[in-house]
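Data first, discussion second: the structure below is written as C-alpha coordinates.
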(Lines give C-alpha, C1' and ligand atoms only; values in the text may rest on other atoms or scores of the structure.)
Protein backbone atom coordinates (compact mmCIF):
# COMPACT_ATOMS: atom_id res chain seq x y z
CA UNK A 1 0.00 0.00 0.00
CA UNK A 2 2.85 2.38 0.82
CA UNK A 3 4.38 1.67 -2.61
CA UNK A 4 1.12 2.56 -4.31
CA UNK A 5 0.94 5.86 -2.42
CA UNK A 6 4.53 6.69 -3.33
CA UNK A 7 3.84 5.81 -6.97
CA UNK A 8 0.74 8.03 -7.10
CA UNK A 9 2.62 10.96 -5.51
CA UNK A 10 5.58 10.45 -7.84
CA UNK A 11 3.37 10.29 -10.95
CA UNK A 12 1.43 13.35 -9.81
CA UNK A 13 4.63 15.30 -9.27
CA UNK A 14 6.13 14.27 -12.61
CA UNK A 15 2.84 14.92 -14.42
CA UNK A 16 2.45 18.32 -12.78
CA UNK A 17 6.02 19.29 -13.60
CA UNK A 18 5.62 18.08 -17.17
CA UNK A 19 2.38 20.00 -17.53
CA UNK A 20 3.96 23.17 -16.14
CA UNK A 21 6.99 22.92 -18.44
CA UNK A 22 4.78 22.20 -21.46
CA UNK A 23 2.87 25.48 -21.03
CA UNK A 24 5.78 27.44 -22.50
CA UNK A 25 6.47 25.02 -25.36
CA UNK A 26 6.35 26.25 -28.94
CA UNK A 27 5.47 24.31 -32.10
CA UNK A 28 8.41 22.05 -32.88
CA UNK A 29 9.42 21.69 -29.21
CA UNK A 30 9.33 18.27 -27.59
CA UNK A 31 6.59 19.19 -25.10
CA UNK A 32 4.34 21.05 -27.55
CA UNK A 33 2.18 18.02 -28.30
CA UNK A 34 1.65 17.54 -24.55
CA UNK A 35 0.69 21.20 -24.24
CA UNK A 36 -2.03 21.06 -26.91
CA UNK A 37 -3.16 17.46 -26.41
CA UNK A 38 -3.25 17.34 -22.63
CA UNK A 39 -3.05 20.76 -20.97
CA UNK A 40 -5.34 22.60 -23.37
CA UNK A 41 -7.79 19.72 -23.65
CA UNK A 42 -8.14 19.59 -19.86
CA UNK A 43 -8.79 23.34 -19.84
CA UNK A 44 -11.35 22.92 -22.64
CA UNK A 45 -13.09 20.10 -20.75
CA UNK A 46 -13.37 22.26 -17.63
CA UNK A 47 -14.93 25.10 -19.67
CA UNK A 48 -18.47 23.72 -19.44
CA UNK A 49 -20.58 26.78 -20.33
CA UNK A 50 -20.77 28.77 -23.56
CA UNK A 51 -19.17 31.76 -21.88
CA UNK A 52 -16.35 29.65 -20.41
CA UNK A 53 -15.78 27.94 -23.76
CA UNK A 54 -15.61 31.33 -25.48
CA UNK A 55 -12.98 32.46 -22.94
CA UNK A 56 -11.05 29.25 -23.60
CA UNK A 57 -11.19 29.86 -27.37
CA UNK A 58 -10.05 33.45 -26.86
CA UNK A 59 -7.10 32.42 -24.68
CA UNK A 60 -6.13 29.56 -26.96
CA UNK A 61 -6.26 31.77 -30.05
CA UNK A 62 -4.12 34.35 -28.26
CA UNK A 63 -1.63 31.59 -27.45
CA UNK A 64 -1.45 30.38 -31.09
CA UNK A 65 -0.85 33.93 -32.35
CA UNK A 66 1.83 34.61 -29.74
CA UNK A 67 3.54 31.32 -30.63
CA UNK A 68 3.61 32.26 -34.32
CA UNK A 69 4.98 35.71 -33.54
CA UNK A 70 7.70 34.27 -31.28
CA UNK A 71 8.68 31.67 -33.87
CA UNK A 72 8.82 34.34 -36.59
CA UNK A 73 11.08 36.53 -34.46
CA UNK A 74 13.44 33.56 -34.02
CA UNK A 75 13.35 32.59 -37.69
CA UNK A 76 11.49 29.35 -36.95
CA UNK A 77 8.05 30.10 -38.46
CA UNK A 78 7.57 27.59 -41.26
CA UNK A 79 4.65 26.97 -43.62
CA UNK A 80 3.31 24.20 -41.39
CA UNK A 81 2.96 26.57 -38.42
CA UNK A 82 1.64 29.36 -40.69
CA UNK A 83 -1.11 27.03 -41.90
CA UNK A 84 -1.84 25.75 -38.40
CA UNK A 85 -2.09 29.34 -37.14
CA UNK A 86 -4.44 30.52 -39.88
CA UNK A 87 -6.54 27.39 -39.32
CA UNK A 88 -6.60 28.13 -35.57
CA UNK A 89 -7.83 31.65 -36.28
CA UNK A 90 -10.70 30.24 -38.34
CA UNK A 91 -11.52 27.47 -35.85
CA UNK A 92 -11.60 29.63 -32.73
CA UNK A 93 -13.45 32.50 -34.43
CA UNK A 94 -16.05 30.03 -35.74
CA UNK A 95 -16.46 28.57 -32.25
CA UNK A 96 -16.86 31.99 -30.67
CA UNK A 97 -19.31 33.31 -33.26
CA UNK A 98 -21.32 30.14 -32.68
CA UNK A 99 -21.44 31.03 -28.98
CA UNK A 100 -22.54 34.56 -29.87
CA UNK A 101 -25.37 33.15 -32.01
CA UNK A 102 -26.50 30.72 -29.30
CA UNK A 103 -26.49 33.42 -26.64
CA UNK A 104 -28.50 35.77 -28.85
CA UNK A 105 -31.05 33.03 -29.56
CA UNK A 106 -31.30 32.38 -25.83
CA UNK A 107 -32.03 36.07 -25.20
CA UNK A 108 -28.63 36.85 -23.68
CA UNK A 109 -27.84 39.75 -26.00
CA UNK A 110 -25.54 41.59 -23.58
CA UNK A 111 -23.36 38.50 -23.02
CA UNK A 112 -23.27 37.85 -26.78
CA UNK A 113 -22.22 41.44 -27.43
CA UNK A 114 -19.50 41.23 -24.78
CA UNK A 115 -18.02 38.08 -26.33
CA UNK A 116 -18.18 39.48 -29.87
CA UNK A 117 -16.55 42.71 -28.73
CA UNK A 118 -13.80 40.82 -26.87
CA UNK A 119 -13.09 38.73 -29.96
CA UNK A 120 -12.85 41.81 -32.16
CA UNK A 121 -10.56 43.52 -29.65
CA UNK A 122 -8.26 40.47 -29.60
CA UNK A 123 -8.08 40.21 -33.39
CA UNK A 124 -7.50 43.94 -33.77
CA UNK A 125 -4.78 44.02 -31.11
CA UNK A 126 -3.02 40.94 -32.47
CA UNK A 127 -3.24 42.31 -36.00
CA UNK A 128 -1.41 45.47 -34.90
CA UNK A 129 1.19 43.56 -32.89
CA UNK A 130 1.98 41.23 -35.77
CA UNK A 131 2.02 44.13 -38.26
CA UNK A 132 4.43 46.04 -36.00
CA UNK A 133 6.65 42.98 -35.62
CA UNK A 134 6.58 42.42 -39.37
CA UNK A 135 7.38 46.02 -40.26
CA UNK A 136 10.39 46.12 -37.98
CA UNK A 137 11.89 42.90 -39.28
CA UNK A 138 13.65 41.57 -42.31
CA UNK A 139 12.00 40.64 -45.59
CA UNK A 140 12.01 37.00 -44.44
CA UNK A 141 10.12 37.95 -41.28
CA UNK A 142 7.59 39.93 -43.31
CA UNK A 143 7.03 37.02 -45.68
CA UNK A 144 6.69 34.58 -42.77
CA UNK A 145 4.03 36.68 -41.05
CA UNK A 146 2.14 37.80 -44.18
CA UNK A 147 -0.38 34.90 -44.39
CA UNK A 148 -1.23 35.25 -40.70
CA UNK A 149 -1.56 39.01 -40.98
CA UNK A 150 -3.87 38.73 -44.00
CA UNK A 151 -6.05 36.16 -42.20
CA UNK A 152 -6.23 38.40 -39.13
CA UNK A 153 -7.24 41.45 -41.17
CA UNK A 154 -9.96 39.66 -43.12
CA UNK A 155 -11.28 37.92 -40.02
CA UNK A 156 -11.21 41.10 -37.92
CA UNK A 157 -13.30 42.87 -40.56
CA UNK A 158 -15.91 40.08 -40.48
CA UNK A 159 -15.94 39.97 -36.70
CA UNK A 160 -16.34 43.76 -36.57
CA UNK A 161 -19.68 43.37 -38.34
CA UNK A 162 -20.73 40.55 -36.00
CA UNK A 163 -19.74 42.68 -33.01
CA UNK A 164 -21.66 45.71 -34.28
CA UNK A 165 -24.78 43.60 -34.86
CA UNK A 166 -24.46 42.02 -31.40
CA UNK A 167 -24.03 45.44 -29.79
CA UNK A 168 -27.09 46.72 -31.66
CA UNK A 169 -29.19 43.76 -30.53
CA UNK A 170 -28.09 44.27 -26.94
CA UNK A 171 -28.96 47.97 -27.20
CA UNK A 172 -32.42 47.18 -28.59
CA UNK A 173 -33.01 44.66 -25.80
CA UNK A 174 -32.06 47.31 -23.24
CA UNK A 175 -34.38 49.87 -24.84
CA UNK A 176 -37.26 47.40 -24.79
CA UNK A 177 -36.59 46.55 -21.15
CA UNK A 178 -36.42 50.25 -20.26
CA UNK A 179 -39.69 50.93 -22.10
CA UNK A 180 -41.45 48.08 -20.32
CA UNK A 181 -40.22 49.26 -16.94
CA UNK A 182 -41.13 52.90 -17.55
CA UNK A 183 -44.60 51.97 -18.81
CA UNK A 184 -45.27 49.47 -16.04
CA UNK A 185 -46.60 52.19 -13.76
CA UNK A 186 -49.32 52.97 -16.31
CA UNK A 187 -50.67 49.44 -16.33
CA UNK A 188 -53.59 48.78 -14.10
CA UNK A 189 -53.86 45.40 -12.50
CA UNK A 190 -57.44 44.28 -11.71
CA UNK A 191 -58.02 43.62 -8.06
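The values are calculated or read from the model by the stated rules, or taken from the named source; none is laboratory data. Small disclaimer: the values here were computed from a predicted structure and weren't measured. Here Cβ is always computed from backbone atoms with ideal geometry, including for glycine, and neighbour counts include all displayed protein chains.
Hey, any hits in segment 141-153 for a residue that's farther than 17 Å from residue 64 by Cβ and in contact with a helix residue (DSSP H, G or I) (Cβ under 7 Å, 6 or more places away or on another chain)?
Looking for residues that are farther than 17 Å from residue 64 by Cβ and in contact with a helix residue (DSSP H, G or I) (Cβ under 7 Å, 6 or more places away or on another chain), one finds at least one in segment 141-153, hence yes.
Looking at (1) in contact (Cβ under 8 Å) with a residue 40 or more places away in the chain; (2) surrounded by 15 or more Cβ atoms within 10 Å (Cβ to Cβ), can you tell me which one residue 142 breaks?
Tallying (1) in contact (Cβ under 8 Å) with a residue 40 or more places away in the chain; (2) surrounded by 15 or more Cβ atoms within 10 Å (Cβ to Cβ), residue 142 fails exactly one: (1).
Against the conditions (1) under 30 Å from residue 100 (Cα atoms); (2) at pLDDT below 95; (3) surrounded by 14 or more Cβ atoms within 10 Å (Cβ to Cβ), where does residue 21 fall short? Just the number, please.
Every listed condition holds for residue 21 apart from (1).
Please enumerate the residues belonging to segment 62-94 that are closer than 23 Å to residue 111 by Cα and surrounded by 20 or more Cβ atoms within 10 Å (Cβ to Cβ).
Across segment 62-94, the qualifying residues are 89, 92, 93.
Quick one: is residue 118 touching a residue at least 12 places away in the same chain (Cβ under 8 Å) and in a loop (DSSP other than H, G, I, E, B)?
It is false that residue 118 is touching a residue at least 12 places away in the same chain (Cβ under 8 Å) and in a loop (DSSP other than H, G, I, E, B).
Which ones in segment 76-87 are touching a helix residue (DSSP H, G or I) at 6+ places or on another chain (Cβ under 6 Å) and within 13 Å of residue 149 (Cα to Cα)?
Result: 82, 85, 86.
State all residues of segment 69-104 that are within 15 Å of the chain's Cα centre (by Cα), within 19 Å of residue 124 (Cα to Cα) and in contact (Cβ under 8 Å) with a residue 40 or more places away in the chain; if no residue qualifies, say none.
Across segment 69-104, the qualifying residues are 85, 86, 89, 90, 93, 95, 96, 97, 100.
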